[in-house]
């Protein structure tokens, strides 16, 4: 007695969603019927609905303790920070013509532009900004948390610093010196007058 063997199979369509199920009909003949598998078909069977995945919580980044003060060095700006959930901090200062920046603690030049200087996730730096141009300038400083090599710019903190021209500051110094000399000469003259009285 002859017989045939057939297996359920998936269609070869691009979507691969049809299952062809083989069975014997009432007359004993081999036949098949097609079903659409909503989640796709593989190895002669419909795929089960995938289990819901638990969303992975996105890491949070923030910078705290950001401040500006003249507490340690003459004319400095203090930046201090603490960064959470990051590998390091990218500290950037926008370059401008006539702007000079020094690390107040070391006296070394501080480079502006991008990429910024790589800093530890918590720290402090004192910078002195010198404006050698003829007009005031607004200097943008930015602190950006970085994970791996990816700057998380959405969590950056920006601070704008107004820096007066050095020529103006020098003129103020000269004027104060002139006033001091005038007051000194005036006291000397008064002393002479008192001596002769």
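Annotations for the structure displayed:
- So residue 74, is it at pLDDT below 70 and out of contact with any strand residue (DSSP E or B) (no Cβ under 7 Å at 6 or more places or on another chain): yes
- From the options 103, 90, residue that is modelled with pLDDT of 85 or more and touching a strand residue (DSSP E or B) at 6+ places or on another chain (Cβ under 6 Å): 90
- Qualifying residue in segment 13-23 (condition: modelled with pLDDT under 85, in a loop (DSSP other than H, G, I, E, B), surrounded by 12 or more Cβ atoms within 10 Å (Cβ to Cβ) and not assigned by TED's automatic domain parsing to the domain that holds residue 131): yes
- Condition met for residue 35 (part of a strand (DSSP E or B) and at pLDDT 80 or above): yes
- For the residues 83, 146, 139, the requirement of being buried (at least 17 other Cβ atoms within 10 Å of the Cβ), modelled with pLDDT under 85 and either in a strand (DSSP E or B) or touching a helix residue (DSSP H, G or I) at 6+ places or on another chain (Cβ under 8 Å) (or both) singles out 83.
- Given (1) within 22 Å of residue 164 (Cβ to Cβ); (2) touching a helix residue (DSSP H, G or I) at 6+ places or on another chain (Cβ under 7 Å); (3) buried (at least 20 other Cβ atoms within 10 Å of the Cβ), index of the condition residue 76 fails: (2)
The values are calculated or read from the model by the stated rules, or taken from the named source; none is laboratory data. Just so it is clear, the model here is predicted, and its values are computed rather than measured. For neighbour counting, all protein chains shown are included, and Cβ atoms are generated from backbone atoms with ideal geometry for every residue, glycine included.
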